[in-house]
Amino acid sequence: MEIKYSKKRLNQNLYFGILWLVLGSAAAVFTEAANIFNYGYLSLGILYIATYLFEKHKKYLTITDAIISKNNVFPKTIHLSEIKRIKKIGADYIVEAETTKLKIDTDWIDENSLSELKTFLDHLSLKKD
């Protein structure tokens with residue numbers, strides 16, 4: 001099962017990327033002197049677009065029969081057999097194993113995927129706080 005990012009988050013990254021690219025390009029074209037900020041704007045735009053593409057492709061969480069994996073640049077994985085506790089703090093979840101904690105920010109999750117995640121976490125027979 002794949003838990004997707006919300007469309008709002010994906011669109012924000014895309015729009016900010018386009019905005020910074022346009023600002024950087026305009027500054028580079030319309031200013032005579034080369035300025036470090038022009039390249040900074042372009043770099044920010046590229047980073048936002050790269051984040052958009054990464055998050056659209058990789059999804060927020062991947063859940064299999066054996067693991068929960070949070071897909072970042074450096075992914076964090078917890079084996080389902082090692083999970084000791086699931087905490088719900090506000091709208092977020094913290095999945096704890098002996099040596100690892102995995103924070104799940106529900107504001108970043110698509111609504112349909114969030115209901116799937118809640119159902120999955122409710123069916124785990126663990127100590128819940």
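Does I3 satisfy the condition of being at pLDDT 90 or above, β-branched (V, I, T) and surrounded by 16 or more Cβ atoms within 10 Å (Cβ to Cβ)?
yes
Considering region 109-124 alone, what residues qualify as being of a type in the set (S, T, Y) and surrounded by 11 or more Cβ atoms within 10 Å (Cβ to Cβ)? S113, S115 - these are the residues of region 109-124 that are of a type in the set (S, T, Y) and surrounded by 11 or more Cβ atoms within 10 Å (Cβ to Cβ).
Of all residues in region 45-66, those being farther than 28 Å from L19 by Cβ and surrounded by 14 or more Cβ atoms within 10 Å (Cβ to Cβ) number 3. Considering (1) more than 22 Å from L124 (Cα to Cα); (2) buried (at least 18 other Cβ atoms within 10 Å of the Cβ); (3) within 17 Å of the chain's Cα centre (by Cα), the lone condition that G24 does not fulfil carries the number (3).
The values are calculated or read from the model by the stated rules, or taken from the named source; none is laboratory data. For clarity, every value in this text was computed on a predicted model and none was experimentally measured. Cβ: placed from backbone, ideal geometry, glycine included. Neighbour counts: every protein chain shown.
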